[in-house]
Amino acid sequence: MAILITESSNRSYKSQFEDIVQEKLGDVDASVPQGMCNHSWTTPSYVWSFDLSSVTATRICRFDVSHIEEETVSAVITVTAPSEESGGSASCISNEFINTGFTAQTLIVGIPVLKDMSVLYLPSMLEEIGEEAYENTAGEAVIVPAGCEMIGRYAFRNSQNLRYIRIPEKTVIAPDAFEECVCVVIDQYADQ
């Protein structure tokens, strides 16, 4: 009896077997000996999203680079806000991955003392940050006033130096407000 297995990479494996009872498990033939379709995976790589809200794990099969496993999970962020006198930090802990080949990740990001950064304090009467309003800003930190209700599309796009932004908890943030930023800690605070 001959068994032909074709994987998504369009590679075919053909072997001869005798007196084997075939069982189907999804798309894979369980009668195929162990090792015919085994993968040897690279060490996983982990990439955090720009806002540190999620992490993506990726690993590639050494035998066939078209076999890629990738999974993204959310993360819990705890921020210790910086002040004029002391720095802060963001502790980011990922949720568990479903794929057991990946492990939960932890990332600690230091936030410099505010007085040591170029800080943009937005006007206290500001109610909305419009589309592309601070695109390419050179500031390292931004403090958004309590009255701001909305941050528009691309508001801080491509702000390569931006590391920290303090925003009221009720403020609605467009999903692409920080597009092309490298790594921004978004610290949402409760209104007083």
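Every number here is computed from the coordinates shown, using simple stated rules; none is lab data. From a predicted model like this one, the values you see are computed outputs, not experimental measurements. Ideal geometry is used to build each Cβ from the backbone, glycine not excepted, and the neighbour counts take in all protein chains shown.
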Practice task
Mind giving me the nanometre distance, one decimal, between the label points for TYR46 and THR80, set 7 Å out from Cα along Cα→Cβ?
Solution key: 2.0
Exercise for the section: For a footprinting-style exposure proxy, rank GLU127, GLU69 by other Cβ within 10 Å, fewest first. Expected result: GLU127, GLU69
Fill in the blank from the handout: Per the Cα gyration tensor, the range 68-154 corresponds to an equivalent ellipsoid with semi-axes, largest first in Å, of 31, 19, 12
Handout entry: Cα→Cβ-extended label distance, 7 Å offset, between ASN38 and GLU180, nm
Key = 4.7
Handout entry: Per-pair calculated FRET efficiency, R0 = 30 Å: MET125 and THR72 via Cβ, rounded to 0.05
Key = 0.15
Practice task
Could you list the residues of the range 64-79 with an amide nitrogen less than 14 Å from a label point located 7 Å from the Cα of ALA104 in the Cα-to-C-beta direction?
Solution key: 73-78
Fill in the blank from the handout: Most exposed first, judged by fewest Cβ atoms within 10 angstrom, TYR189, TYR134, TYR164 run TYR189, TYR134, TYR164
Fill in the blank from the handout: For SER54, the residues 5 or more places away or on another chain with a placed amide H closer than 5 Å to its own amide H are SER49, ALA75
Exercise for the section: Obtain the radius of gyration and the Kirkwood radius of the range 117-192 from its C-alpha atoms and give Rg over Rh. Expected result: 0.92
